[in-house]
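Comments concern the structure below.
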Amino acid sequence: MRELFYSEAIKEAMTQEMEANSKVFLIGEDVGVYGGAFGLTFGMIEKFGPNRVIDTPISEQAIVGMGIGAALMGMRPIVEIMFSDFLLLAMEQIANQAAKIHYMFGGKANVPMVIRTPGGGGTGAGAQHSQSLEAILFHIPGLKIIMPSTPYDAKGLLLSAIKDPSPVIMLEHKLLYKKIKGDVPEQRYEIELGKADIKRKGRDITVVATSLMVHKALAVAEKLAREGIEIEVIDPRTIKPLDLDMIIDSVKKTNKLVLVEEACYSGGFTSFIASEVASKAFDWLDGPIIRVTGLDSPIPYSAVLENTIIPNEERIEEGIRRAIL
Amino acid sequence: MSNIKKELLYEMLTKMLKIRYFEEQIDKLYMKGEVHGTGHLYIGQEATAIGAILALKKEDVITSTHRGHGHCIAKGADINLMMAELLGKKDGYCKGKGGSMHIADINIGNLGANGIVGGGIAIATGAALAIKEMKTNQVVLCFFGDGAINQGVFYESANMASIWKLPVIYVVENNKYGMGFPVSKAVNIDKLSKRADAFGIKGITIDGNDAVGVYDTLSGLISEARSGSGPIIVECETYRWKGHSRVDPERYRTRQEVELWKKKCPILRFKKYLTDNNLITSADIEKIEKDVASQIIKATEFAMASPFPDPREATEDVYA
């Protein structure tokens, strides 16, 4: 099959959906002529014109709010927020408006909007361009959140997200864009939101990881397989709604659970998985659930410091060995 | 004299009274403890909603505010469903999930009231963007108060509307107070419409208690907006008679000030306009008043008779 980079898969999903549905449009800062801060939307404005690939001033709150207004009028906006850190500028519209409109209006209005945004660290961009903010979003009822780790998942999940009647936030990872390549079918296909995926089968221990951490977990699994330790790596892909069933089924098989996320330790979304597994599959656990997460710190600039804060393969391996003991 | 057709003048009077009586009834129901939550009454500002919204075409859209009952009624909302919503009943507009601040009716072009001051401004602007994209030739009236004009989202939204010449009119209802904070202390300009200069767009200030004047002015501005000339800011000067919400000690204003504005009642003024110009008889006015009063009673009966929602519905409608 044809291989695409993660960023190319996202662009292809948007392009194909915009070709198929005139109601779909892209709006954001420098998504047009510039081609996106990461080059992801390069060439789209030439293909679709400035009315469907809309360059905006730097006004995150209003960009998201305009997406909501357009969605209420029957359009299907894809809103790009240049860095996920900037979601915080738009949280009023995301949390108070988009997430709640369907509910507040008694189910009589929909906000079919996708917000795409790159998050994560490892790029030396410092504390305001490197955060993993999924836990903040995870807490708000009414939002769906997808965090694809592969080009295949990125395309399929985004195509589903655009068709979804609820607001969906797609958290991409900057380090996946041009580093991760994979098989992607040329035609359109959808991956159901809320379905996890087993990225590697194993019988000894369950590791749940998201986004970039999936790749780090897979690398560790590869290494430990040489010692005869078979790790099952589960990627939730959609963190809300979360496919807990698949995680619990795996724990029932392996009896051990390690949770890996890039975000800070306190209040990280995997603590929710830990509490759910502890309450629903306690008898199946052979030992404590281990979380490997970012440290409770802003993301520092220097690579040495950044690599200390963000989970690396050594820390993931150490976590897994602790769980196996 | 304006050349508003007689039929429309009757509709204006009917709807202004509907707003007034509806709000008075809600106020009474508060006192009786029938209304579980809070609410913000529109009494005193009726001419603005009526003059502006009745100047729209049916297919045009609005966004409203926390003080939104008047806009809802003007846009043609069913007062039975509104009353039921305020009483937290199953048959309410939002099945009892929204309450006073979240009534919407997409089918009649009401994109919703909003509990956040300024929360609807970007949404209205996005609706205008969609209208431009879909070439449906509609206009958006975006209502908000003098308090909301100082929210950053207004600056962001009006700027984008100005660069893309979107068909949205920002109707600033200057009722003199953002909760208890006087507009004179909140801004360093005498007219809020001067903010338009910052965006290179048209801005005017009008008497928001003059239903005929609001209608005539907005009719012209709506045509302009529809023709693609871009957004406009219209400041409507008016006054809120009641407290900000249910509980308000009103320490920020004097009783004399309120009484002064009550003398400028928009409904009395409109009635006087109609009778002075022989456009309606006193008998007709009385008939309309009676009719509206009975509609309010019916709406109250409907709402009282409606069941409360089933507790099992509490987690429904989180996702579409």
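The values are calculated or read from the model by the stated rules, or taken from the named source; none is laboratory data. All values derive from a computational prediction rather than experimental measurement. Cβ: placed from backbone, ideal geometry, glycine included. Neighbour counts: every protein chain shown.
Computed values, structure above
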quantity	calculated
Residue in segment B:296-317 that is surrounded by fewer than 15 Cβ atoms within 10 Å (Cβ to Cβ), aliphatic (A, V, I, L, M) and part of a loop (DSSP other than H, G, I, E, B) present	no
Residue ranges of strands (runs of 3 or more DSSP E) in segment A:102-217 with at least 1 members more than 16 Å from the chain's Cα centre (by Cα)	A:181-183, A:197-200, A:205-209
Helices (runs of 4 or more DSSP H) completely within segment B:89-195 that count 1 or more residues being more than 16 Å from A:Ala70 (Cα to Cα) and facing chain A (nearest Cβ under 8 Å)	B:152-164
The lone exception for B:Glu11 - which of (1) in a loop (DSSP other than H, G, I, E, B); (2) at pLDDT 95 or above it fails	(1)
Unique residue being at pLDDT 95 or above, crowded, with 24+ Cβ neighbours inside 10 Å, touching a Pro at 6+ places or on another chain (Cβ under 6 Å) and among the small types (Gly, Ala, Ser) when the list is A:Ala161, A:Ala127, A:Ala98, A:Ala196	A:Ala98
Number of positions in segment A:56-96 that are closer than 21 Å to A:Lys108 by Cβ, assigned to a helix (DSSP H, G or I) and more than 7 Å from every other protein chain (Cβ to nearest Cβ)	3
Qualifying positions in segment B:78-94 - closer than 17 Å to A:Met104 by Cβ and out of contact with any helix residue (DSSP H, G or I) (no Cβ under 7 Å at 6 or more places or on another chain)	B:Leu81, B:Glu85, B:Gly88, B:Lys90
Any hit, segment A:308-325, residues being within 27 Å of A:Gly228 (Cβ to Cβ) and at pLDDT below 95	yes
Positions within segment A:102-137 being among the aliphatic types (A, V, I, L, M), facing chain B (nearest Cβ under 7 Å) and out of contact with any Lys or Arg (no Cβ under 9 Å at 6 or more places or on another chain), in sequence order	A:Ala109
Candidate set: segment B:24-41, residues that are assigned to a helix (DSSP H, G or I) and in contact (Cβ under 8 Å) with a residue 12 or more places away in the chain; chosen: the one surrounded by the most Cβ atoms within 10 Å (Cβ to Cβ)	B:Ile26
Residue that is modelled with the lowest pLDDT, among those in segment A:256-307 that are among the small types (Gly, Ala, Ser) and more than 25 Å from A:Lys174 (Cα to Cα)	A:Gly287
Which numbered condition A:Gly107 misses (of (1) out of contact with any Cys (no Cβ under 7 Å at 6 or more places or on another chain); (2) buried (at least 21 other Cβ atoms within 10 Å of the Cβ); (3) without any contact (Cβ under 8 Å) to a residue 24 or more places away in the chain)	(2)
